[in-house]
1. When you scan the stretch 87-99, how many residues do you find that are part of a loop (DSSP other than H, G, I, E, B) and surrounded by 22 or more Cβ atoms within 10 Å (Cβ to Cβ)?
2. For the stretch 167-182, give me the residue count where each residue is small (Gly, Ala, Ser) and either farther than 22 Å from Ala121 by Cα or near the ligand (Cβ under 8 Å from one of its atoms) (or both).
3. Tell me which residues, restricted to the stretch 97-120, are of a type in the set (Lys, Arg) and either touching a strand residue (DSSP E or B) at 6+ places or on another chain (Cβ under 6 Å) or in contact (Cβ under 8 Å) with a residue 60 or more places away in the chain (or both).
4. Collect the residues in the stretch 233-244 that are away from the ligand (no atom under 14 Å from the Cβ) and surrounded by 14 or more Cβ atoms within 10 Å (Cβ to Cβ), keeping them in residue-number order.
5. Looking at Val84, Val37, can you tell me which residue is within 25 Å of Ile284 (Cβ to Cβ), of a type in the set (Val, Ile, Thr) and out of contact with any Leu (no Cβ under 6 Å at 6 or more places or on another chain)?
6. Considering the stretch 104-121 alone, what residues qualify as being among the hydrophobic types (A, V, I, L, M, F, W, C) and outside any loop (DSSP other than H, G, I, E, B)?
7. Note down all Cβ pairs under 9 Å where the first residue falls in the stretch 244-267 and is more than 12 Å from Gly8 (Cα to Cα) and assigned by TED's automatic domain parsing to the domain that holds Ile227, the second is β-branched (Val, Ile, Thr) and within 8 Å of the ligand (Cβ to nearest atom), and they're at least six residues apart or on different chains.
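The values are calculated or read from the model by the stated rules, or taken from the named source; none is laboratory data. Being a predicted model, the structure only gives us computed values, none of them experimental. Note that each Cβ is placed from the backbone with ideal geometry, even for glycine, and that neighbours are counted across all protein chains shown.
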Amino acid sequence: MPAQIIDGRALSKKIRQRITEESSVLKEKGIIPGLAVILIGDDPASHTYVNNKKKACEECGFYSEIYKLPESTPEADVLELIEVLKSRKEINGILVQSPFPKHISEKKILLAIPPEKDVDAFHPQNVGAIVAGDFDFVPCTPAGVMEMLNEYNIEVSGKHAVVIGRSNIVGKPMSILLLHKHATVTICHSRTKYLADITRQADILVAAVGRLGFVTADMVKPGAVVIDVGMNRKEDGKLAGDVDFNGVSEIAAYITPVPGGVGLMTVAMLLQNTLRAACIQNNIVL
Ligand code: NAP
């Protein structure tokens, strides 16, 4: 039987509806969640992501400001802008879209964003909180994956979860969140030996590699849950994941599509983190 599709489109819509309702409750109290997004350079994918974030903010009744800065913007200017945004009450969340130009230190930028406005959850203080299991914000993509597993009543406790990828924004926090839900977690990366032997043991397999069609059916255990985080461009310019969707959906029990999967959840989780930031900063419990 082909795998059941985990529908990121439907779930993200449901979450956004809830966020819109909560945002209107805040509005009655005179608070509008505000997000500032800084984009440096001309990367076309980044421009698409930022435009999607702005549109999502508008749909949920949030206030947003987008700063599109030229590639050559000095690091000091970006830091100065963050300094200004930091002190503005109507801005609850600040996000600098990656990738950054080479002359800008990612570390300096992440440290400049105050942890309480760090809606990407990349500041070391928030990373530490996530590892400790006591956090306000979770990085948006792994948070979106956890929402998907929860929505489809997929048991995580006691399961073997294999995460391919160990980046700070996806692989590592993903592994920690699965661990908090009592999975036995294996993290794989480019130096992992006998990768397919490991992925074939996975009850839950998360692919966050950035390589088109990397996970093939022979790497998947029958009945596994396969989560495709990858966002790659095919030769025809269309979006596709790290998983060979057609082959793997013949083997897996559940699978996320690309597009229509994790990507939409990432945006929904950004809205959720921004709403949470607005509540925390205004001492409101919804
Ligand atoms: P990244 O920083 O490039 O990390 C990729 C990871 O894959 C690295 O840990 C790398 O290992 C590992 N890897 C590369 N080749 C491998 C191989 N042959 N075997 C095993 N592991 C291998 O990428 P990222 O930022 O985590 O993003 C991963 C993918 O997710 C990309 O397609 C990105 O566009 C997508 N993404 C999607 C969303 C979304 O909303 N859906 C959000 C963020 C990212 P090493 O560490 O050893 O180099």
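1. Final tally of qualifying residues: 2.
2. Residues of the stretch 167-182 small (Gly, Ala, Ser): 167, 171, 175.
Right, trim to either farther than 22 Å from Ala121 by Cα or near the ligand (Cβ under 8 Å from one of its atoms) (or both) and you get 167, 171.
Selection size over the stretch 167-182: 2.
3. Matches in the stretch 97-120: Lys117 only.
4. Scanning the stretch 233-244 gives a single hit, Asp244.
5. Going through Val84, Val37 in turn, just one is within 25 Å of Ile284 (Cβ to Cβ), of a type in the set (Val, Ile, Thr) and out of contact with any Leu (no Cβ under 6 Å at 6 or more places or on another chain): Val84.
6. Of everything in the stretch 104-121, those that are among the hydrophobic types (A, V, I, L, M, F, W, C) and outside any loop (DSSP other than H, G, I, E, B) turn out to be Ile109, Leu110, Leu111, Ala112.
7. Qualifying pairs under 9 Å: Phe245/Val258.
Yes/no matrix, rows are residues, columns are (1) more than 15 Å from Val258 (Cβ to Cβ); (2) in contact with a Ser or Thr (Cβ under 7 Å, 6 or more places away or on another chain); (3) modelled with pLDDT of 95 or more; (4) away from the ligand (no atom under 14 Å from the Cβ):
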| site | (1), (2), (3), (4) |
| --- | --- |
| Ala196 | yes, no, yes, no |
| Gln201 | yes, no, yes, yes |
| Leu205 | no, yes, yes, no |
| Val209 | no, no, yes, no |
| Gly213 | no, no, yes, no |
| Asp218 | yes, no, yes, yes |
| Ala224 | yes, no, yes, yes |
| Ile227 | no, yes, yes, no |
| Met231 | no, no, yes, no |
